[in-house]
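Below is one structure; the comments refer to it alone.
Each value in this text was obtained by applying a stated rule to the coordinates, not by laboratory testing. Not measured: the values here are computed from a predicted model. Don't worry about glycine lacking a Cβ; one is built from the backbone with ideal geometry, like all the others, and counts go over all protein chains shown.
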Amino acid sequence: MDFTKTLQILQMIVNELSGSALVHKMQGQLFKSQGFTKLGQKYIDHYAEEMEWVEKYTDRMLDLGCVPQVKVCNESTLVEDAKSYIEADLKLQREGVEELYKIMPELASDPTTYDLTKAYLLDEEEDLYWDEEQLDLIEKIGYQNWLLKMM
């Protein structure tokens, strides 16, 4: 079986997810420094969770006989305003989930990678729903009240 396309997809996920995870970690540190301890810890924990996915995808590449390439992530600027960050993160989450749905059929001939990506997709959908819930909560209780909950 030719795993060329699968390996390309795996490499793309590892690269994108590594960069995204690092941004979440740094964003969490920023929020903690602003006094929003719960929000900061949420993103720091999210970093750890995302790095577990990077490890799983890296292991899959190694299982297929491919040594992953380490690519430097794109430059990113941290966002000081929590609501603005969640709005931006929601946009990225939607794009990421949409992209994962598009690649699922391409992984159908590799059940192991397909199942791994299906589980990852479910996890990413949960993250998307969290962003949506937070923005909905901000709308309902007001931004200042929401910020108090994040301290």
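Spin-label pair ASP63-MET51: with each label point 7 Å from Cα along the Cα-Cβ axis, the two points sit 2.3 nm from one another. Only helices enter this figure: runs of n ≥ 4 DSSP H residues, each worth -39500 (n - 2.57), summed and divided by the residues of the chain, yield -27000 deg cm²/dmol at 222 nm to the nearest 500.
Of the residues ILE86, ILE138, ILE44, which exhibits the maximal mean-square fluctuation in a Gaussian network model of the chain defined by a 10 Å Cα contact cut-off? In the Gaussian network model the winner is ILE138. The gain in end-to-end length when the TYR101 to LEU148 segment is fully stretched comes to 13.3 nm, 0.36 nm per residue minus the alpha carbon separation.
Compare LEU135, LEU121, LEU62 in a GNM of the chain, Cα atoms joined below 10 Å, and give the one with the largest fluctuation. Of the options given, LEU62 has the highest mean-square fluctuation.
The range 26-48 and the range 68-113 have their alpha-carbon centroids 19 Å apart. Computed over the chain, the percent of Cα pairs more than 20 Å apart is 51.
For the options GLN27, GLN11, GLN69, a Gaussian network treatment of the chain with springs between C-alpha atoms closer than 10 Å singles out GLN69 as fluctuating the most.
Taken as entire DSSP H runs, the helices of the chain that both span 15 Å or more between Cα atoms along their own long axis and average -0.5 or more on the Kyte-Doolittle scale are 4-33.
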